[in-house]
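The structure under discussion appears below in the form of structure tokens.
The values are calculated or read from the model by the stated rules, or taken from the named source; none is laboratory data. Just so it is clear, the structure is predicted and the values come from calculations on it, not from any experiment. All Cβ positions, glycine included, derive from the backbone under ideal geometry; neighbour counts span all protein chains shown.
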There are 2 protein chains.
Amino acid sequence: MKVNTRCRYGMRLLIDLANNAKEGPVPVGDISKRQNISLKYLEQLIHLLKKARIIDSVRGARGGHRLAKNSNDIYFGDIIRLMEGRGDFEECFCRKEICKMQDYCPLNLAWQKALDAFYHELDKVSIADLSKKCCK
Amino acid sequence: MKVNTRCRYGMRLLIDLANNAKEGPVPVGDISKRQNISLKYLEQLIHLLKKARIIDSVRGARGGHRLAKNSNDIYFGDIIRLMEGRGDFEECFCRKEICKMQDYCPLNLAWQKALDAFYHELDKVSIADLSKKCCK
DNA sequence: TCTAATCAATAGCAATTTAATATAGATTAA
DNA sequence: TTAATCTATATTAAATTGCTATTGATTAGA
């Protein structure tokens, strides 16, 4: 599973916020320069994270963005679930028309278990953990 | 993570082969009709599965395809690894230019652990398990 | 009160990937 | 010989991704 830029940039954005929170809200321009990510694309990612109440923002001059909660309480899994986006189960493995198993389809159940195991691992790691260690 | 058609069709194809192996090799046209998947697209998937030695084929009239090994020895995880395709780790989370962690990047390590957990779950389920229960 | 710095929302677009189709051919049982 | 099959590759259409552009709202500070 290749990591898409929404996930990659999303994580770097949050770690950047955690590491630069000391002097008030962090302007998106600063993040853009530090992380070398297009300003306008960053704004879209921030918008997503705001809707999910992971980030909040201060408008106007000297405004910027900051984590909406303690970095100990934001998990890697939260971000990937949000940024990965693609509905985990829009599509069934089998043919819905002929499959009599429906919600008990062993293929879909196994897939779901695997996904749960995946996110369970990611949920062990917080932004605080990462910001202390990453890219320093 | 949405399941792509290569993975979905690939699994249905193998389950179909397992369930229709009795009277010799299974022609792709039969699978196409039963599964309602384009014949030419199926052929491409079969090509991939042949290269991975999961399927083998008999050419000419009355030819067809069959599993290259016992359905107990082909795992869900094998197929997803093959069909998902997208290199699991072409792209690093961090900026390679500035990241001093490289192979020890805690972001990448956590991601890798999560992927391992994901495939580990899928490797618990064989085509035999599925073919006995699926879409009957 | 201005105004420059910032965030906000959405539209548009180019590149890539995915999914599927088309074409031409090789093989072989009957 | 031939019809049924697999093989290989090229092409195309649709969807998604990653990004850019435009317009506008908000507000701290001069």
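Below are the figures for this structure:
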{"read-out": "Residues of the stretch A:33-42 classified as within 18 Å of the chain's Cα centre (by Cα), more than 9 Å from DNA strand D (Cβ to nearest atom) and either at pLDDT 95 or above or outside any helix (DSSP H, G or I) (or both), total", "value": "0"}
{"read-out": "Criterion violated by residue A:11 - all others in (1) within 9 Å of DNA strand C (Cβ to nearest atom); (2) surrounded by 18 or more Cβ atoms within 10 Å (Cβ to Cβ) satisfied", "value": "(1)"}
{"read-out": "Pair list, Cβ < 6 Å and 6+ apart or interchain, from the stretch B:60-80 residues that are away from every other protein chain (no Cβ under 14 Å) to residues that are near DNA strand D (Cβ under 6 Å from one of its atoms) and part of a loop (DSSP other than H, G, I, E, B)", "value": "B:64/B:27"}
{"read-out": "Subset of the stretch A:17-41 [near DNA strand C (Cβ under 10 Å from one of its atoms) and within 14 Å of chain B (Cβ to nearest Cβ)]", "value": "A:31, A:32"}
{"read-out": "Selection count where residues are near DNA strand C (Cβ under 10 Å from one of its atoms), surrounded by 12 or more Cβ atoms within 10 Å (Cβ to Cβ) and assigned to a helix (DSSP H, G or I), scope the stretch A:48-75", "value": "3"}
{"read-out": "Flag for residue A:96 being within 14 Å of chain B (Cβ to nearest Cβ), modelled with pLDDT under 90 and more than 14 Å from DNA strand C (Cβ to nearest atom)", "value": "yes"}
{"read-out": "First in the stretch B:1-28 and away from DNA strand D (no atom under 11 Å from the Cβ), second anywhere and part of a strand (DSSP E or B), Cβ under 6 Å, 6 or more apart", "value": "B:20/B:26; B:21/B:66"}
{"read-out": "Only one of A:107, A:82, A:45 that is surrounded by 16 or more Cβ atoms within 10 Å (Cβ to Cβ), hydrophobic (A, V, I, L, M, F, W, C), part of a helix (DSSP H, G or I) and at pLDDT 95 or above", "value": "A:45"}
